[in-house]
Amino acid sequence: MNFKRSMIAAFLALLSVLWVTAEPRKASSPKAPVVSNNASEADTVRIEGEQRFRANCGRCHAAPHKFPPRMMATIVRHMRVRATITDEDMRYILSYMTQ
C-alpha cells in the first residue's frame, strides 16, 4: 500500500514539475476561416479521439483540465505504456486532449 501511495505521489510530483516548467502559451494570431471540408475532418478526428479516450482512459480517469500540448503529449505517452494503448489510439486521444 505504501508503494502505491509513493508511486502516486511521484507521478503527481512529476506532473507538478512539468506544469511549472512548461512554456507559457503564446497568444495566437487571428486565423482565416476554416474551410468546411477541414472543419468536418477536424470534427471527425475530435469525435474519434473522444470515443477512444472514453474506451481506453475513461474507465479510470475523468477528462483532465486543459494542459499545454507538450505536457499532454508526455502524459499520453506515459499512459500509452501503462495502459497498452495503440499508437493510433494515442494520436487520436492526444489530438482530442489538445483541442
Is there any pair with a first residue in the stretch 36-60 that is at negative phi and a second that is surrounded by fewer than 12 Cβ atoms within 10 Å (Cβ to Cβ) and aliphatic (A, V, I, L, M) whose Cβ atoms are under 9 Å apart and which are 6 or more apart or on different chains, and what are they? 42/34
A careful count of residues in the stretch 59-71 that are over 12 Å from the mean Cα position of the chain (by Cα) and at pLDDT 85 or above gives 1
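What's the total number of residues in the stretch 78-94 that are outside any loop (DSSP other than H, G, I, E, B) and loosely packed, with under 13 Cβ neighbours inside 10 Å? Steps first, please.
In the first step, residues of the stretch 78-94 are kept if they are outside any loop (DSSP other than H, G, I, E, B); the result is 78-83, 87-94.
Pick out the ones that are also loosely packed, with under 13 Cβ neighbours inside 10 Å and you get 81-82, 87-88.
Matching residues across the stretch 78-94 total 4.
The values are calculated or read from the model by the stated rules, or taken from the named source; none is laboratory data. A quick note: this is a predicted structure, and the numbers were derived from the prediction, not measured. Neighbour counts run over all protein chains shown; Cβ positions are idealised from the backbone, glycine included.
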